[in-house]
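See structure below.
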Amino acid sequence: MAYRIRADVDQLAPYRPGKAIDELRRETGADPISKLASNENPLGPSPKAIAAIIESAAAVHRYPDAVAHDLVQALSFRLGLSAECFAVGNGSDELIQYLASSLLGASDSAVIPSPSFPRYEAATRTAGAAPLFAALRDQVFIDADALIEKAMPNTRIFWVANPNNPTGTVMAKSEFDRLIAKVPSGSVIVLDEAYFEFVDEEVRLNAVDYVLQGAPVVGLRTLSKTYGLAGLRIGYAFGPAEIMSAVNRVRCPFNVN
């Protein structure tokens with residue numbers, strides 16, 4: 001029997017994670033192995049995080065807090081944004097999907113640097129919208145002018161990874177400000193800061209600053225990289241309360257471990 005798969009989904013390739021260390025060890029007999037493919041923190045989590053995980057293990061027969069109240073309150077205090085400006089997800093990957101579901105429809109488009117994180121295209125297509133690809137300057141730098149040139153009247157999202165994955169380059173503040181000044185009214189820049197903590201403070205953008213200014217920016221961060229908690233799958237988004245309210249309406253219940 002032939003099943004009808006949506007054409008935009010049929011165009012997607014499955015995400016290919018890096019090979020697991022145990023699998024590689026079985027295949028090659030090598031030991032030790034340093035895995036670089038998934039950008040996991042080789043130092044592991046904080047001992048305090050390990051202690052908290054152990055303490056929580058006895059309660060795994062209960063669903064987690066559906067709104068991640070304590071985490072949201074801690075993030076609110078740390079970043080100086082109201083609790084209404086946050087949404088939490090099963091990794092920031094899940095929040096990319098929710099942002100697309102909340103902001104994009106079949107008549108919309110999203111601009112994506114190319115190459116960049118593949119989940120931007122996947123989320124755009126599964127929302128029924130059209131991905132528009134903007135080439136990198138010199139094949140490594142996200143180019144504000146190239147993003148704007150690709151935009152159409154129906155563009156609703158500009159996906160910007162900063163630092164960009166996989167090229168590792170950062171946008172200068174002057175260039176990002178130029179992008180903000182030129183995006184169509186009603187569009188949003190999703191500033192994915194999964195590697196925010198790895199950039200020298202004097203040269204890095206900070207999505208929090210733009211959200212506080214009322215700019216059309218949504219920030220994305222994760223506890224997977226710097227904090228060594230990739231296996232727990234905890235990410236968070238912050239931005240205009242109206243957008244976060246929409247994300248919290250479409251997200252799955254009990255989605256954060």
If only one of VAL256, VAL217, VAL211 is more than 19 Å from ARG78 (Cα to Cα) and aliphatic (A, V, I, L, M), which one is it?
VAL256
Being closer than 22 Å to ALA246 by Cα, surrounded by fewer than 19 Cβ atoms within 10 Å (Cβ to Cβ) and under 15 Å from the mean Cα position of the chain (by Cα) is the filter here, so list the residues in the range 98-148 that pass it.
SER101
Quick one: which residue in ASP177, ASP192 is open to solvent by less than 20 Å² (accessible area, probe 1.4 Å) and either under 24 Å from GLU242 (Cβ atoms) or not hydrophobic (A, V, I, L, M, F, W, C) (or both)?
ASP192
Please determine, by comparing only the residues of the range 45-62 that are aliphatic (A, V, I, L, M) and either in contact with a helix residue (DSSP H, G or I) (Cβ under 8 Å, 6 or more places away or on another chain) or surrounded by 10 or more Cβ atoms within 10 Å (Cβ to Cβ) (or both), which one is nearest to SER224 (Cα to Cα).
ALA49
Selected residue (only one of VAL208, VAL218 is open to solvent by less than 40 Å² (accessible area, probe 1.4 Å) and in a helix (DSSP H, G or I)):
VAL208
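With the requirement that a residue be over 19 Å from the mean Cα position of the chain (by Cα) and either surrounded by fewer than 10 Cβ atoms within 10 Å (Cβ to Cβ) or among the charged types (D, E, K, R) (or both), what does the range 14-24 give you? Give the derivation first.
Taking the range 14-24 first, the residues over 19 Å from the mean Cα position of the chain (by Cα) are 19-24.
Selection gives LYS19, ASP22, GLU23.
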So ASP8 passes all but one of these: (1) farther than 22 Å from ALA194 by Cβ; (2) loosely packed, with under 11 Cβ neighbours inside 10 Å; (3) of a type in the set (D, E, K, R). Which condition number does it fail?
(2)
Assess whether ASP200 counts as being open to solvent by 20 Å² or more (accessible area, probe 1.4 Å) and at pLDDT 95 or above.
no
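Say we look at the range 35-44 and pick out the residues that are over 18 Å from PRO166 (Cβ atoms) and in contact (Cβ under 8 Å) with a residue 24 or more places away in the chain; which of these is most open to solvent (accessible area, probe 1.4 Å)? Explain how you work it out, then say what you get.
Going through the range 35-44, the residues over 18 Å from PRO166 (Cβ atoms) turn out to be 42-44.
In the following step, the residues that additionally are in contact (Cβ under 8 Å) with a residue 24 or more places away in the chain were identified as 43-44.
On the way: LEU43: 156, GLY44: 26 Å².
Residue satisfying both the conditions and the ranking: LEU43.
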Residues that are touching a residue at least 24 places away in the same chain (Cβ under 8 Å) and within 15 Å of ALA237 (Cβ to Cβ), at least 3 per element: which strands (runs of 3 or more DSSP E) completely within the range 74-189 meet that?
86-89, 155-161
Of the numbered conditions (1) modelled with pLDDT of 95 or more; (2) polar (S, T, N, Q); (3) open to solvent by 10 Å² or more (accessible area, probe 1.4 Å), SER187 satisfies every one except a single condition; which is it?
(3)
Number of the exception - ALA30 against (1) over 26 Å from TYR236 (Cβ atoms); (2) open to solvent by 60 Å² or more (accessible area, probe 1.4 Å); (3) at pLDDT 85 or above; (4) small (Gly, Ala, Ser):
(2)
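Please find, among SER46, SER38, the residue that is within 23 Å of GLY91 (Cα to Cα), at pLDDT 85 or above and under 23 Å from the mean Cα position of the chain (by Cα). If you could, list the steps in order and put the result at the bottom.
On the way: SER38 fails: at pLDDT 85 or above.
Step by step, each of SER46, SER38 is checked, and only SER46 is within 23 Å of GLY91 (Cα to Cα), at pLDDT 85 or above and under 23 Å from the mean Cα position of the chain (by Cα).
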Determine, yes or no, whether PRO32 is in contact with a Ser or Thr (Cβ under 7 Å, 6 or more places away or on another chain), without any contact (Cβ under 8 Å) to a residue 60 or more places away in the chain, on the phi < 0 side of the Ramachandran plot and assigned to a loop (DSSP other than H, G, I, E, B).
no
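The values are calculated or read from the model by the stated rules, or taken from the named source; none is laboratory data. Computed from a prediction, not measured in an experiment: that's the story for all the values here. Don't worry about glycine lacking a Cβ; one is built from the backbone with ideal geometry, like all the others, and counts go over all protein chains shown. Surface accessibility is based on the protein's heavy atoms, side chains included, excluding ligands, DNA and RNA. Shrake-Rupley method; radii C 1.70, N 1.55, O 1.52, S 1.80 Å.
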